[in-house]
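So the structure is just underneath, and the comments pick up after that.
The values are calculated or read from the model by the stated rules, or taken from the named source; none is laboratory data. Since the structure is predicted, the reported quantities are computational estimates derived from the model, not experimental observations. Note that we place each Cβ from the backbone using ideal geometry, even for glycine, and neighbour counts take in every protein chain shown. Please note that ligands, DNA and RNA were not included when accessible areas were found on the heavy atoms of the full protein model with its side chains. Shrake-Rupley method; radii C 1.70, N 1.55, O 1.52, S 1.80 Å.
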Amino acid sequence: MKNIKQKILIILATLSLVIGFFAVPAGVFAAVTVDEAIDSGTSKILSTGKLADDWQSLGVARSNTPASKEVRQARYNDIVAYLNQSDRLSATDFERTIIGVVSIGGDPTHIPEATTHKNLVEELYQSNAMNSGVNAIIYGLLALQTKEYAVPENANFSIQEMVDKLLSLQKADGGWALGGAVGDVDMTGMAITALAKYKDMPGVSTALDRSVAWLSSVQLKSGGFKGWSNENSNSLSQALMAITLTGNDPKGALFTKDSDMITALMTYRTADGGFKWLPTDTQSNGMALEQALYALTQYKFYLNGSGSIYDFVNNPVPQLIETPVEPDPSTEEPSSSAEPGTEDSNSSDSNVSSEDSSTTTSISDGSDENTEETISDSEGSSNVEKNTTDSSEAGIIGDTDSSTTAPSKEADEEAVQNTSNNANSDNAKSLPSTGEANDYMFLSVLLGASMLLVGVFFLAKNKRKQNN
């Protein structure tokens with residue numbers, strides 16, 4: 001009997017030591033910071049050598065490492081080709097493409113390479129966006145708030161009219177949806193994102209408060225959100241955009257159930273640096289990665305007080321076209337009679353190149369229904385429900401052209417310099433270390449330490465008995 005007890009003690013001690021050995025490292029190393037998630041997601045996209053669509057362009061533009069000029073130029077060329085092949089474009093085509101063009105450093109009002117669609121903003125204003133469904137209104141507002149665009153005289157609508165129309169489509173529960181009487185998380189998140197800039201307009205602030213309260217009420221215990229039927233990362237990403245743009249903390253009490261939104265989103269990360277769509281998925285998904293990437297960058301904007309990722313006036317990106325600065329005629333020419341050994345203060349090179357934000361453009365992929373986040377001409381389906389699988393292992397959706405110039409090993413100097421406050425490290429901006437196991441790291445470490453102590457205790461007790 002005594003031998004049996006000793007064997008049991010040895011087994012328990014061994015198990016305790018093994019569990020403790022693995023539990024401590026798991027808790028310590030499983031945490032992934034927001035910056036690390038952004039960096040790995042950006043690397044996954046850029047590893048293909050191209051930007052496949054407008055939403056990738058937006059996410060990468062707001063990441064810590066904007067795409068090289070070669071990659072952005074290749075995307076611009078794709079956009080021009082798309083515009084030249086499309087005689088008729090819908091309102092959402094114009095809207096999505098405007099966002100994509102601005103994201104790569106182009107000017108959607110000046111696309112000289114296009115045969116007909118040379119000014120996307122003017123064409124959008126002349127489109128039937130107001131009667132093209134809630135998608136067209138949401139993305140119209142987002143597209144037009146990227147820069148301060150002139151409104152053409154023959155515009156079919158104004159910003160105020162779009163805002164009023166979107167407010168009129170809010171459901172009784174406080175949400176928005178493609179159809180029906182009940183709010184949908186995806187559409188609500190996108191509507192809030194579009195309206196946040198106009199909170200000072202009549203009725204907007206009240207509508208935003210109602211919608212934020214509704215999102216909090218439907219948040220799951222996991223910290224995530226359901227789409228029409230499934231809990232998924234896309235719905236969570238859209239909710240995260242909305243929450244941060246309204247000044248709410250996604251890790252605060254209002255949006256923390258058993259877990260918070262950031263921790264919940266990080267559970268969708270995959271080993272290859274991407275994000276999956278459903279919790280049960282084992283592979284990363286292109287659409288999920290795009291949405292998670294720009295949602296996390298918006299979270300950084302929130303922490304840094306940088307405003308919206310759709311604001312390219314206060315948060316500019318590297319431009320494609322560099323226009324030399326004309327010499328100032330009032331500047332005197334260097335004197336040829338300057339004394340030897342002296343330096344003329346006017347002799348510095350005046351032909352310094354600067355970035356002109358008004359001479360470039362970008363295109364969209366021609367596969368709206370398969371590549372966009374709830375962008376369709378008819379109100380039919382949510383991006384969550386019509387989610388498509390990746391068209392390649394790298395998570396690219398839409399483009400099939402593989403001839404795009406590969407990215408340089410290092411981003412352009414201009415891209416490195418202009419990261420819109422996103423290049424700061426987590427430590428520099430006191431960003432939280434959030435990850436799959438971060439909120440449980442303390443418990444994991446505590447469990448591991450406890451198991452180690454139990455193991456040591458049993459071994460010591462067994463040794464004493466043997467000595468006696």
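Solvent-accessible surface of region 106-201, taken per residue with a 1.4 Å probe and all protein chains present: 38 Å². Between E70 and V313, what FRET efficiency follows from the Cβ-Cβ distance if R0 is 35 Å, with the result rounded to 0.05? Once rounded, the FRET efficiency stands at 0.85. Once backbone amide H atoms are built at 1.01 Å from N, W176 has K171, D184, T188 as its partners under 5 Å, excluding neighbours fewer than 5 places away on the same chain. By the Stokes-Einstein formula, at 1.306 mPa s and 10 °C, region 180-242 with its Kirkwood radius over alpha-carbon pairs has D equal to 133 µm²/s.
For the pairs K199/K257; K69/K147; K118/K197; K171/K197; K44/K226, flag any whose C-alpha to C-alpha distance is greater than 24 Å. The pairs that break the limit, which is 24 Å between Cα atoms, are K199/K257; K118/K197; K44/K226.
Given R₀ = 51 Å, what would the calculated FRET efficiency be for N154 paired with A271, taking r from the Cβ atoms and rounding to 0.05? FRET efficiency, N154 to A271: 0.45.
Could you work out the local net charge near S40, counting Lys and Arg as +1, Asp and Glu as -1, over the other residues with Cβ closer than 11 Å to its Cβ? List each step's numbers first, then the result.
Details: positive: K44, R269; negative: D35, E36, D39, D272.
Around S40, the charge tally is -2.
Count Lys and Arg as plus one, Asp and Glu as minus one, and take only other residues whose Cβ is under 15 Å from that of S217; the net charge is then +2. A simple count of charges around A196, restricted to other residues whose Cβ falls under 13 Å of its Cβ and scoring Lys, Arg +1 and Asp, Glu -1, yields -1.
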